[in-house]
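The values are calculated or read from the model by the stated rules, or taken from the named source; none is laboratory data. Just so it is clear, the structure is predicted and the values come from calculations on it, not from any experiment. Ideal geometry is used to build each Cβ from the backbone, glycine not excepted, and the neighbour counts take in all protein chains shown. The accessibility values were calculated without ligands, DNA or RNA, using every heavy atom of the protein model including side chains. Shrake-Rupley method; radii C 1.70, N 1.55, O 1.52, S 1.80 Å.
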Amino acid sequence: MKKVSIIYWSGSGNVEVLAENIKLGAERVGAEVSINQVKYAKVEDVLKADAVAFGSPSMDNNQVEQQEMAPFLKNFKELNMENKPTVLFGSYGWDDGKFMESWEKLMVEYGFNIVGKLVVQEAPKDEEIENAKNLGELLGK
Ligand SMILES: Cc1cc2nc3c(=O)[nH]c(=O)nc-3n(C[C@H](O)[C@H](O)[C@H](O)COP(=O)(O)O)c2cc1C
């Protein structure tokens, strides 16, 4: 059974909806899923998982959230992530999802293997929720 860890930051709930649906998708294929807001997440949650998903809105001038998510991710800079399969997901207001490009670059530098990305404007639409479930399946298989 695959272990999937989902870690996210969400202020007004849009990213949280994606996180919950990634969880549903992973569970649909029998994975053991842990889901945590980043403020409660531990480095171990990532290290012990077979696959991970990180979620953030675009914040602070089109960047991944800077107060909690960016510092948490920095923990992995010096660790060997061994190309761990990783999904990045998030929501933006006006940057057309550009924050995801710089975020992906950073995560690749940290040694994560980005196998999927999902970025939506504000609240996810039905089709985007389906995409979130599919990404969960991808991680859980
Ligand atoms: C304080 C704050 C800063 C934001 N900064 C940006 C930004 O720089 N670029 C952008 O495209 N959207 C920005 N947004 C919009 C959010 O990314 C968008 O509303 C997103 O859906 C929020 O996700 P959440 O509901 O999970 O918190 C900002 C929103 C807030 C509240």
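Points to keep in mind about this one:
- Length released on extending from VAL43 to VAL115, taking residue separation times 0.36 nm less the Cα-Cα span: 23.9 nm
- Note on the chain: semi-axes of the ellipsoid equivalent to its C-alpha gyration tensor, largest first and rounded to whole Å, are 20, 19, 13.
- Simple label model, 7 Å out from Cα along Cβ direction - ASN83 to GLU27, nm: 3.2
- Counting only protein heavy atoms and a 1.4 Å probe, the range 3-140 has 49 square angstrom of accessible area per residue.
- Whole-percent carbon and sulfur share, accessible surface of the range 3-140, 1.4 Å: 44
- When the range 20-102 is reduced to its Cα atoms, the Kirkwood hydrodynamic radius in Å: 13.9
- Over the range 23-128, relative contact order from alpha-carbon pairs under 8 Å, at least 6 apart, %: 25
- Once C-alpha pairs closer than 8 Å and six or more residues apart are averaged by separation and normalised to the residue number of the range 15-77, the relative contact order reads 28 percent.
- Considering only LEU18, LEU106, LEU88, the mean-square fluctuation computed in a Gaussian network model of the chain, springs between alpha carbons under 10 angstrom, is largest for LEU106.
- Within the chain, longest stretch clear of exposed GluC sites (Glu not before Pro) (DSSP loop, no more than 13 other Cβ within 10 Å): 1-77
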